[in-house]
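Just below is one structure, and these are the notes that go with it.
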Amino acid sequence: MGNTRSEQKRNHKLSKQALKKAEILAARRETSISGLLAHEIERLVGNEEAYETSERQAMALLERAFTWVNEFELDGPISKESARLVVSTYTHLVHRHDTS
């Protein structure tokens, strides 16, 4: 049985100071607090999707490089796990730089 809308609702409390600052920020941007939240959620989701796309692209490039290195035995074979760790770390660092 699926959850009804009221069962899915979650309440989170903000401090009075945070709420006041959010009201001021929303007024400056000519939107509501709900609009601010919607915008931030969309931004976060977009960033996550961009990160995942970058990681998939990096892994595809890594796979090609891994195959090439092993085919030509340049400096000896490397493990896929080692290569994935390097790409994952690199992707994370690039993503952090791009969103800064």
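The values are calculated or read from the model by the stated rules, or taken from the named source; none is laboratory data. A quick note: this is a predicted structure, and the numbers were derived from the prediction, not measured. Reconstructed Cβ throughout: ideal geometry from the backbone, glycine too, with neighbour counts over all protein chains shown.
List of remarks:
- Taking the numbered list (1) under 23 Å from the mean Cα position of the chain (by Cα); (2) modelled with pLDDT of 90 or more; (3) hydrophobic (A, V, I, L, M, F, W, C) in turn, A26 passes all entries but (1).
- Here E48 fulfils each of the conditions (1) modelled with pLDDT of 70 or more; (2) farther than 30 Å from L14 by Cβ apart from (2).
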